[in-house]
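Here is the structure we will look at, set down as C-alpha coordinates.
The values are calculated or read from the model by the stated rules, or taken from the named source; none is laboratory data. The structure displayed is predicted, hence computed values, not measured ones. So basically every Cβ, Gly included, is an ideal-geometry build from the backbone, and we count neighbours across all protein chains shown.
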Amino acid sequence: MYKCSKESLGALLSAINEKYALYVPKKHGEGSVSSFEAYGDGENMYLSGITDRGIKELFFPQCEEIARFVTANGAFGVKETAVKSGYNVIFGARACDIKGLQTLDLVFLAEPEDRLYKSRREAGIVVSLSCGEPSETCFCTCFGVDPSKSGDIAAIGTDGAYYFEILTEKGRLLIPELSSVCKTTDDDIEAERDKIRAKAALMPAALAAKDLPDKKTDELFDLPVWDKLSAHCLGCGTCTYLCPTCQCYDIKDSKTADGAARCRFWDSCMYSDFTKMSAGQPRLTQKERYRQRFMHKLVYFKENQGIYGCVGCGRCVRKCPASAHMIKVIKELGKADERHT
(Lines give C-alpha, C1' and ligand atoms only; values in the text may rest on other atoms or scores of the structure.)
Protein backbone atom coordinates (compact mmCIF):
# COMPACT_ATOMS: atom_id res chain seq x y z
CA MET A 1 0.00 0.00 0.00
CA TYR A 2 1.26 3.47 -0.90
CA LYS A 3 0.22 6.78 0.63
CA CYS A 4 0.71 10.32 -0.62
CA SER A 5 -0.64 13.64 0.55
CA LYS A 6 -3.26 15.31 -1.58
CA GLU A 7 -0.78 18.11 -2.23
CA SER A 8 1.61 15.54 -3.74
CA LEU A 9 -0.88 14.07 -6.21
CA GLY A 10 0.26 16.45 -8.94
CA ALA A 11 3.86 15.36 -8.49
CA LEU A 12 2.81 11.70 -8.77
CA LEU A 13 0.80 12.28 -11.93
CA SER A 14 3.64 14.29 -13.47
CA ALA A 15 6.03 11.41 -12.74
CA ILE A 16 3.64 8.98 -14.44
CA ASN A 17 3.16 11.37 -17.36
CA GLU A 18 6.89 11.49 -18.01
CA LYS A 19 6.93 7.77 -18.84
CA TYR A 20 3.42 6.98 -20.03
CA ALA A 21 0.56 8.57 -21.94
CA LEU A 22 -1.62 9.64 -19.02
CA TYR A 23 -5.35 10.35 -19.15
CA VAL A 24 -7.30 12.01 -16.35
CA PRO A 25 -10.87 13.27 -15.87
CA LYS A 26 -11.24 16.93 -16.81
CA LYS A 27 -13.93 19.57 -16.86
CA HIS A 28 -13.46 22.96 -18.51
CA GLY A 29 -15.71 25.20 -16.47
CA GLU A 30 -19.25 25.15 -15.13
CA GLY A 31 -21.69 23.51 -17.51
CA SER A 32 -19.01 21.90 -19.68
CA VAL A 33 -18.92 18.17 -20.40
CA SER A 34 -16.49 16.24 -18.21
CA SER A 35 -14.45 13.50 -19.88
CA PHE A 36 -11.06 11.80 -19.88
CA GLU A 37 -8.32 13.74 -21.63
CA ALA A 38 -4.53 13.77 -21.88
CA TYR A 39 -2.99 14.97 -18.62
CA GLY A 40 -1.01 17.86 -20.11
CA ASP A 41 -0.19 20.32 -17.36
CA GLY A 42 -2.82 18.89 -15.02
CA GLU A 43 -5.19 21.85 -15.22
CA ASN A 44 -8.97 21.40 -15.09
CA MET A 45 -8.79 17.99 -13.42
CA TYR A 46 -12.20 16.84 -12.22
CA LEU A 47 -11.99 14.41 -9.31
CA SER A 48 -15.13 15.32 -7.37
CA GLY A 49 -17.60 13.13 -9.24
CA ILE A 50 -18.28 10.73 -12.07
CA THR A 51 -17.57 12.17 -15.52
CA ASP A 52 -20.25 12.74 -18.15
CA ARG A 53 -18.24 10.65 -20.61
CA GLY A 54 -16.48 7.56 -19.34
CA ILE A 55 -13.28 5.70 -20.14
CA LYS A 56 -14.92 3.47 -22.79
CA GLU A 57 -13.84 5.72 -25.64
CA LEU A 58 -10.17 5.29 -24.69
CA PHE A 59 -10.54 1.60 -25.55
CA PHE A 60 -13.40 1.70 -28.06
CA PRO A 61 -13.25 5.13 -29.75
CA GLN A 62 -16.41 6.83 -30.93
CA CYS A 63 -14.99 6.89 -34.46
CA GLU A 64 -11.88 5.11 -35.73
CA GLU A 65 -10.35 4.08 -39.00
CA ILE A 66 -9.89 0.32 -39.16
CA ALA A 67 -8.45 -0.12 -42.66
CA ARG A 68 -7.50 1.62 -45.90
CA PHE A 69 -7.94 0.40 -49.42
CA VAL A 70 -5.25 1.83 -51.68
CA THR A 71 -4.37 1.69 -55.35
CA ALA A 72 -0.91 2.40 -56.70
CA ASN A 73 0.45 1.68 -60.18
CA GLY A 74 -2.61 -0.34 -60.99
CA ALA A 75 -2.26 -2.56 -57.91
CA PHE A 76 -4.81 -2.82 -55.11
CA GLY A 77 -3.91 -3.28 -51.46
CA VAL A 78 -5.38 -3.26 -47.96
CA LYS A 79 -3.66 -1.58 -45.01
CA GLU A 80 -5.02 -2.43 -41.59
CA THR A 81 -4.79 0.21 -38.87
CA ALA A 82 -1.76 -0.39 -36.68
CA VAL A 83 -2.44 -1.68 -33.18
CA LYS A 84 -1.49 0.22 -30.04
CA SER A 85 2.06 -0.15 -28.73
CA GLY A 86 3.28 0.99 -25.30
CA TYR A 87 1.26 1.50 -22.15
CA ASN A 88 -1.35 4.13 -21.36
CA VAL A 89 -2.35 5.04 -17.81
CA ILE A 90 -5.91 6.09 -16.99
CA PHE A 91 -6.17 7.75 -13.59
CA GLY A 92 -9.41 8.49 -11.79
CA ALA A 93 -11.69 5.91 -13.41
CA ARG A 94 -14.73 4.96 -11.36
CA ALA A 95 -15.60 1.36 -10.56
CA CYS A 96 -18.74 1.42 -12.71
CA ASP A 97 -16.71 2.34 -15.81
CA ILE A 98 -14.18 -0.39 -15.05
CA LYS A 99 -17.03 -2.89 -14.69
CA GLY A 100 -18.22 -1.62 -18.06
CA LEU A 101 -14.91 -2.67 -19.60
CA GLN A 102 -15.45 -6.19 -18.29
CA THR A 103 -18.76 -6.18 -20.14
CA LEU A 104 -17.11 -4.98 -23.36
CA ASP A 105 -14.45 -7.69 -22.97
CA LEU A 106 -17.15 -10.34 -23.29
CA VAL A 107 -18.04 -8.90 -26.68
CA PHE A 108 -14.76 -7.73 -28.21
CA LEU A 109 -12.43 -10.39 -26.80
CA ALA A 110 -14.65 -13.33 -27.74
CA GLU A 111 -13.64 -15.15 -30.92
CA PRO A 112 -12.94 -13.61 -33.33
CA GLU A 113 -11.13 -11.09 -31.13
CA ASP A 114 -11.22 -7.43 -32.05
CA ARG A 115 -7.51 -6.70 -32.48
CA LEU A 116 -7.78 -2.92 -31.99
CA TYR A 117 -9.80 -3.19 -28.79
CA LYS A 118 -7.55 -5.99 -27.52
CA SER A 119 -4.40 -3.95 -28.09
CA ARG A 120 -5.80 -1.01 -26.13
CA ARG A 121 -6.98 -3.22 -23.28
CA GLU A 122 -3.57 -4.86 -23.00
CA ALA A 123 -1.88 -1.45 -23.12
CA GLY A 124 -4.16 0.22 -20.58
CA ILE A 125 -3.24 0.51 -16.90
CA VAL A 126 -6.33 1.67 -15.05
CA VAL A 127 -6.06 3.42 -11.69
CA SER A 128 -9.49 3.63 -10.08
CA LEU A 129 -10.60 6.37 -7.72
CA SER A 130 -13.11 5.48 -5.03
CA CYS A 131 -16.45 7.29 -4.95
CA GLY A 132 -16.22 9.18 -1.67
CA GLU A 133 -19.31 11.19 -2.58
CA PRO A 134 -21.44 9.11 -4.98
CA SER A 135 -24.12 10.89 -6.95
CA GLU A 136 -27.80 10.57 -6.09
CA THR A 137 -28.23 8.97 -9.53
CA CYS A 138 -25.67 6.21 -8.89
CA PHE A 139 -26.89 2.65 -8.42
CA CYS A 140 -23.78 0.57 -9.13
CA THR A 141 -24.14 -1.49 -5.95
CA CYS A 142 -27.30 -3.04 -7.41
CA PHE A 143 -25.06 -4.76 -9.95
CA GLY A 144 -22.42 -5.95 -7.50
CA VAL A 145 -19.95 -3.14 -8.21
CA ASP A 146 -17.60 -2.20 -5.36
CA PRO A 147 -17.23 1.61 -5.62
CA SER A 148 -14.18 1.55 -3.35
CA LYS A 149 -11.90 -0.97 -5.04
CA SER A 150 -11.33 -1.91 -8.70
CA GLY A 151 -8.92 -1.59 -11.61
CA ASP A 152 -5.19 -2.38 -11.76
CA ILE A 153 -4.53 0.01 -8.88
CA ALA A 154 -7.23 1.11 -6.45
CA ALA A 155 -6.91 4.67 -5.14
CA ILE A 156 -8.97 5.89 -2.23
CA GLY A 157 -9.03 9.47 -1.02
CA THR A 158 -9.32 10.42 2.63
CA ASP A 159 -9.35 13.87 4.22
CA GLY A 160 -5.66 14.51 3.69
CA ALA A 161 -4.21 11.70 1.59
CA TYR A 162 -4.57 9.21 -1.22
CA TYR A 163 -3.93 5.51 -0.68
CA PHE A 164 -2.93 3.28 -3.58
CA GLU A 165 -3.32 -0.51 -3.52
CA ILE A 166 -1.85 -2.55 -6.38
CA LEU A 167 -4.32 -5.20 -7.55
CA THR A 168 -2.79 -6.65 -10.76
CA GLU A 169 0.54 -7.31 -12.42
CA LYS A 170 -0.02 -4.38 -14.76
CA GLY A 171 -0.50 -2.20 -11.72
CA ARG A 172 2.97 -3.18 -10.51
CA LEU A 173 4.45 -1.38 -13.52
CA LEU A 174 3.78 1.90 -11.72
CA ILE A 175 5.74 0.98 -8.58
CA PRO A 176 8.74 3.18 -9.57
CA GLU A 177 6.49 6.24 -9.93
CA LEU A 178 4.58 5.48 -6.74
CA SER A 179 7.82 4.94 -4.83
CA SER A 180 9.25 8.24 -6.04
CA VAL A 181 6.45 10.29 -4.47
CA CYS A 182 4.52 8.07 -2.03
CA LYS A 183 5.44 6.30 1.15
CA THR A 184 4.68 2.66 1.87
CA THR A 185 2.22 2.21 4.70
CA ASP A 186 0.41 -0.46 6.68
CA ASP A 187 -2.57 1.81 7.41
CA ASP A 188 -5.88 -0.06 7.50
CA ILE A 189 -8.38 1.60 5.16
CA GLU A 190 -11.05 -1.11 5.17
CA ALA A 191 -13.24 0.94 7.51
CA GLU A 192 -13.10 3.79 4.98
CA ARG A 193 -14.02 1.41 2.19
CA ASP A 194 -16.96 0.11 4.20
CA LYS A 195 -18.24 3.68 4.58
CA ILE A 196 -18.02 4.23 0.82
CA ARG A 197 -19.89 1.01 0.07
CA ALA A 198 -22.60 1.78 2.60
CA LYS A 199 -23.05 5.34 1.34
CA ALA A 200 -23.33 4.18 -2.27
CA ALA A 201 -25.92 1.55 -1.36
CA LEU A 202 -28.10 4.23 0.24
CA MET A 203 -28.21 6.62 -2.71
CA PRO A 204 -31.81 7.30 -3.86
CA ALA A 205 -31.24 5.64 -7.23
CA ALA A 206 -29.68 2.58 -5.59
CA LEU A 207 -32.65 2.21 -3.28
CA ALA A 208 -35.06 2.63 -6.21
CA ALA A 209 -33.29 0.03 -8.36
CA LYS A 210 -32.42 -2.57 -5.76
CA ASP A 211 -35.12 -5.04 -6.89
CA LEU A 212 -33.93 -6.06 -10.35
CA PRO A 213 -36.39 -8.01 -12.51
CA ASP A 214 -35.93 -11.75 -12.27
CA LYS A 215 -37.95 -12.90 -15.25
CA LYS A 216 -37.13 -14.50 -18.58
CA THR A 217 -37.59 -12.97 -22.02
CA ASP A 218 -41.00 -14.50 -22.69
CA GLU A 219 -42.36 -13.20 -19.38
CA LEU A 220 -41.35 -9.57 -19.97
CA PHE A 221 -41.35 -9.07 -23.73
CA ASP A 222 -45.07 -8.45 -24.27
CA LEU A 223 -45.90 -6.59 -21.08
CA PRO A 224 -48.28 -3.63 -21.70
CA VAL A 225 -45.99 -1.43 -19.59
CA TRP A 226 -43.60 -1.01 -22.56
CA ASP A 227 -46.15 1.32 -24.18
CA LYS A 228 -46.13 3.54 -21.11
CA LEU A 229 -42.35 3.47 -20.66
CA SER A 230 -41.50 4.25 -24.28
CA ALA A 231 -44.16 6.94 -24.79
CA HIS A 232 -41.79 9.82 -23.96
CA CYS A 233 -38.62 8.43 -25.56
CA LEU A 234 -37.24 10.83 -28.18
CA GLY A 235 -34.95 8.29 -29.82
CA CYS A 236 -32.06 10.75 -29.41
CA GLY A 237 -29.49 8.11 -28.46
CA THR A 238 -28.09 10.13 -25.55
CA CYS A 239 -28.31 7.12 -23.23
CA THR A 240 -26.37 4.86 -25.60
CA TYR A 241 -23.61 7.37 -26.26
CA LEU A 242 -23.00 7.91 -22.54
CA CYS A 243 -23.40 4.26 -21.53
CA PRO A 244 -20.15 2.47 -20.53
CA THR A 245 -21.40 -0.89 -21.85
CA CYS A 246 -23.06 -0.07 -25.19
CA GLN A 247 -21.01 -1.60 -27.95
CA CYS A 248 -23.06 -1.26 -31.16
CA TYR A 249 -21.30 0.27 -34.14
CA ASP A 250 -21.71 0.82 -37.86
CA ILE A 251 -19.07 0.65 -40.59
CA LYS A 252 -18.81 2.98 -43.57
CA ASP A 253 -16.33 3.43 -46.39
CA SER A 254 -15.37 6.87 -47.67
CA LYS A 255 -13.27 7.92 -50.64
CA THR A 256 -9.71 9.14 -50.10
CA ALA A 257 -7.10 10.58 -52.47
CA ASP A 258 -5.59 7.15 -53.15
CA GLY A 259 -8.50 4.79 -52.49
CA ALA A 260 -10.90 4.51 -49.58
CA ALA A 261 -10.95 4.46 -45.79
CA ARG A 262 -13.08 2.11 -43.74
CA CYS A 263 -14.21 3.53 -40.40
CA ARG A 264 -16.39 2.27 -37.62
CA PHE A 265 -18.35 4.54 -35.34
CA TRP A 266 -20.78 4.18 -32.50
CA ASP A 267 -24.37 3.50 -33.41
CA SER A 268 -27.53 3.34 -31.32
CA CYS A 269 -30.37 0.84 -31.16
CA MET A 270 -32.59 3.84 -30.39
CA TYR A 271 -32.24 5.20 -33.94
CA SER A 272 -34.92 4.49 -36.53
CA ASP A 273 -32.30 3.46 -39.13
CA PHE A 274 -30.38 1.11 -36.81
CA THR A 275 -29.73 -2.22 -38.61
CA LYS A 276 -31.99 -1.04 -41.42
CA MET A 277 -31.58 -3.19 -44.51
CA SER A 278 -32.91 -3.18 -48.05
CA ALA A 279 -35.61 -5.59 -46.90
CA GLY A 280 -36.79 -3.09 -44.28
CA GLN A 281 -36.47 -2.16 -40.64
CA PRO A 282 -36.69 -5.00 -38.08
CA ARG A 283 -37.99 -2.68 -35.34
CA LEU A 284 -40.51 -0.30 -36.84
CA THR A 285 -41.62 1.61 -33.75
CA GLN A 286 -39.86 3.52 -31.00
CA LYS A 287 -41.50 1.18 -28.51
CA GLU A 288 -39.75 -1.79 -30.13
CA ARG A 289 -36.42 0.02 -30.17
CA TYR A 290 -36.81 1.19 -26.58
CA ARG A 291 -37.73 -2.31 -25.43
CA GLN A 292 -34.73 -3.76 -27.24
CA ARG A 293 -32.29 -1.51 -25.38
CA PHE A 294 -33.56 -2.26 -21.90
CA MET A 295 -34.29 -5.94 -22.47
CA HIS A 296 -30.75 -6.31 -23.75
CA LYS A 297 -29.30 -4.68 -20.65
CA LEU A 298 -31.47 -6.44 -18.08
CA VAL A 299 -32.43 -9.76 -19.67
CA TYR A 300 -30.70 -10.82 -22.91
CA PHE A 301 -27.13 -10.10 -21.80
CA LYS A 302 -27.75 -11.76 -18.45
CA GLU A 303 -29.19 -14.86 -20.10
CA ASN A 304 -26.33 -15.15 -22.60
CA GLN A 305 -23.28 -13.85 -20.70
CA GLY A 306 -24.20 -14.35 -17.06
CA ILE A 307 -23.99 -10.67 -16.07
CA TYR A 308 -26.21 -7.65 -16.54
CA GLY A 309 -25.46 -5.24 -19.36
CA CYS A 310 -25.86 -2.28 -16.98
CA VAL A 311 -23.37 -1.15 -14.34
CA GLY A 312 -25.49 1.46 -12.57
CA CYS A 313 -23.37 4.50 -13.45
CA GLY A 314 -26.51 6.68 -13.53
CA ARG A 315 -25.54 8.67 -16.62
CA CYS A 316 -28.79 7.86 -18.39
CA VAL A 317 -30.69 8.96 -15.28
CA ARG A 318 -28.89 12.32 -15.23
CA LYS A 319 -28.87 13.05 -18.95
CA CYS A 320 -32.03 11.58 -20.53
CA PRO A 321 -33.98 14.64 -21.74
CA ALA A 322 -37.28 12.79 -21.36
CA SER A 323 -36.57 10.95 -18.08
CA ALA A 324 -37.13 7.63 -19.87
CA HIS A 325 -34.19 5.99 -18.13
CA MET A 326 -33.05 2.71 -16.56
CA ILE A 327 -34.43 3.35 -13.06
CA LYS A 328 -37.97 3.76 -14.36
CA VAL A 329 -37.69 0.55 -16.36
CA ILE A 330 -36.34 -1.43 -13.40
CA LYS A 331 -39.11 -0.15 -11.11
CA GLU A 332 -41.85 -0.93 -13.63
CA LEU A 333 -40.50 -4.40 -14.40
CA GLY A 334 -40.23 -4.96 -10.66
CA LYS A 335 -43.92 -4.22 -10.38
CA ALA A 336 -44.48 -6.72 -13.17
CA ASP A 337 -42.63 -9.26 -11.03
CA GLU A 338 -45.07 -8.53 -8.21
CA ARG A 339 -48.04 -8.94 -10.51
CA HIS A 340 -46.79 -12.35 -11.61
CA THR A 341 -46.21 -13.72 -8.08
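Residue-level analysis places A231 outside the set of residues that are surrounded by 13 or more Cβ atoms within 10 Å (Cβ to Cβ) and of a type in the set (A, V, I, L, M, F, W, C). Whether a residue is in contact with a Lys or Arg (Cβ under 8 Å, 6 or more places away or on another chain), assigned by TED's automatic domain parsing to the domain that holds P321 and more than 27 Å from R293 (Cβ to Cβ) was assessed, and D152 does not pass this test. The single condition among (1) modelled with pLDDT of 95 or more; (2) in contact with a strand residue (DSSP E or B) (Cβ under 7 Å, 6 or more places away or on another chain) that D146 does not meet is (2).
Kindly indicate whether any position in region 22-37 is more than 16 Å from R121 (Cβ to Cβ), touching a residue at least 60 places away in the same chain (Cβ under 8 Å), crowded, with 16+ Cβ neighbours inside 10 Å and of a type in the set (V, I, T). The answer is yes, given that some residue of region 22-37 is more than 16 Å from R121 (Cβ to Cβ), touching a residue at least 60 places away in the same chain (Cβ under 8 Å), crowded, with 16+ Cβ neighbours inside 10 Å and of a type in the set (V, I, T). Looking across region 141-165, the residues that are in contact (Cβ under 8 Å) with a residue 24 or more places away in the chain and over 18 Å from R197 (Cβ atoms) come down to D152, I153, G160, A161, Y162, F164. Do we find that C96 is within 17 Å of the chain's Cα centre (by Cα), modelled with pLDDT under 95 and crowded, with 19+ Cβ neighbours inside 10 Å in this structure? Here the answer is no, as C96 does not meet what is asked.
Looking only at region 104-112, decide whether some residue is closer than 21 Å to K26 by Cα, touching a residue at least 40 places away in the same chain (Cβ under 8 Å) and crowded, with 17+ Cβ neighbours inside 10 Å. Within region 104-112 (the criterion being closer than 21 Å to K26 by Cα, touching a residue at least 40 places away in the same chain (Cβ under 8 Å) and crowded, with 17+ Cβ neighbours inside 10 Å), the answer is no, since none of the residues qualifies. If you go through region 50-85 and keep only what is among the acidic types (D, E) and outside any strand (DSSP E or B), you end up with D52, E57.
Given the condition among the small types (G, A, S), assigned by TED's automatic domain parsing to the domain that holds G309 and at pLDDT 90 or above, answer yes or no: does some residue in region 242-260 qualify? Yes, there is a match, as at least one residue in region 242-260 is among the small types (G, A, S), assigned by TED's automatic domain parsing to the domain that holds G309 and at pLDDT 90 or above. Of the residues D218, D222, D211, the single one that is at pLDDT below 95, surrounded by 14 or more Cβ atoms within 10 Å (Cβ to Cβ), out of contact with any Pro (no Cβ under 8 Å at 6 or more places or on another chain) and over 30 Å from L12 (Cα atoms) is D211.
Screening region 250-288 for residues that are within 24 Å of K79 (Cβ to Cβ) and hydroxyl-bearing (S, T, Y) and picking the one that is surrounded by the fewest Cβ atoms within 10 Å (Cβ to Cβ) gives S254.
A Cβ distance below 6 Å, combined with a sequence gap of six or more or placement on separate chains, defines the contacts here; from region 123-140, residues that are touching a residue at least 40 places away in the same chain (Cβ under 8 Å) and farther than 24 Å from G171 by Cβ reach residues that are of a type in the set (D, E, K, R) and part of a helix (DSSP H, G or I) in the pairs T137/R318.
Checked against (1) out of contact with any Phe, Trp or Tyr (no Cβ under 9 Å at 6 or more places or on another chain); (2) under 15 Å from A67 (Cα atoms), A261 passes all but a single condition, namely (1). Inspect all residues belonging to region 119-140 and state whether any of them is over 30 Å from E18 (Cα atoms), in contact with a Lys or Arg (Cβ under 6 Å, 6 or more places away or on another chain), of a type outside the set (S, T, N, Q) and surrounded by fewer than 16 Cβ atoms within 10 Å (Cβ to Cβ). There is no residue in region 119-140 that is over 30 Å from E18 (Cα atoms), in contact with a Lys or Arg (Cβ under 6 Å, 6 or more places away or on another chain), of a type outside the set (S, T, N, Q) and surrounded by fewer than 16 Cβ atoms within 10 Å (Cβ to Cβ). The set of residues in region 99-130 that are more than 15 Å from the chain's Cα centre (by Cα) and closer than 17 Å to K195 by Cα contains only S130. The number of residues in region 71-93 that are in contact (Cβ under 8 Å) with a residue 12 or more places away in the chain, aliphatic (A, V, I, L, M) and surrounded by fewer than 16 Cβ atoms within 10 Å (Cβ to Cβ) comes to 2.
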